[in-house]
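**Q** Before I ask anything, here is the structure I am working with.
Since every read-out is calculated from the coordinates, none of them should be taken as a lab result. Keep in mind the model is a prediction, meaning the values are calculated, not measured. Quick reminder, even Gly has a Cβ in these numbers, built from the backbone with ideal geometry, and neighbours come from all protein chains shown.
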Amino acid sequence: MAFSEDLSVFFNTDDFAVNAVKSDGVTNVVGIFDIEPVQQDDFISNEPTFLIKQSDVSLVPRGTVLTINGSTYTVKNLVRDEEKLIKLVLQNGS
């Protein structure tokens, strides 16, 4: 029997999650914003990340500009975090 977890508990903007607004000013994506170590090639650096549900990934392809907590970021990379989650690696600025 497959376990089906209700992700809405984690993606609640009254708790850990925040809204990211696409540059179109209309589309919102709910996720968990963090700064964490990300490895690229032989280097590890602290990068802004945004954890979203797999079902929302089509809204934010690589290159998408997002505003999170008043700051602007560009989606630099998408990394599968778990079966139902995608981590967006962000770059400061647009």
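**Q** Residue by residue through the range 68-90, note down the ones that are of a type outside the set (Lys, Arg), within 19 Å of residue 13 (Cβ to Cβ) and either over 11 Å from the mean Cα position of the chain (by Cα) or in a loop (DSSP other than H, G, I, E, B) (or both). Give the derivation first.
**A** Restricting attention to the range 68-90, the residues satisfying the condition of being of a type outside the set (Lys, Arg) are 68-75, 77-79, 81-83, 85-86, 88-90.
Add one more test, that the residue is within 19 Å of residue 13 (Cβ to Cβ), and what stays is 68-71, 73, 85-86, 88, 90.
Within the range 68-90, 69, 70, 71 meet the criteria.
**Q** Something else about it: Please find, among 77, 46, 92, the residue that is out of contact with any Pro (no Cβ under 8 Å at 6 or more places or on another chain), loosely packed, with under 15 Cβ neighbours inside 10 Å and not hydrophobic (A, V, I, L, M, F, W, C).
**A** On the way: 46 fails: out of contact with any Pro (no Cβ under 8 Å at 6 or more places or on another chain); 92 fails: out of contact with any Pro (no Cβ under 8 Å at 6 or more places or on another chain).
Residue meeting the stated conditions: 77.
**Q** Further question: Collect the residues in the range 53-64 that are in contact with an Asp or Glu (Cβ under 9 Å, 6 or more places away or on another chain) and assigned to a strand (DSSP E or B), keeping them in residue-number order.
**A** Keep residues of the range 53-64 that are in contact with an Asp or Glu (Cβ under 9 Å, 6 or more places away or on another chain), which gives 54.
Passing the criteria: none in range.
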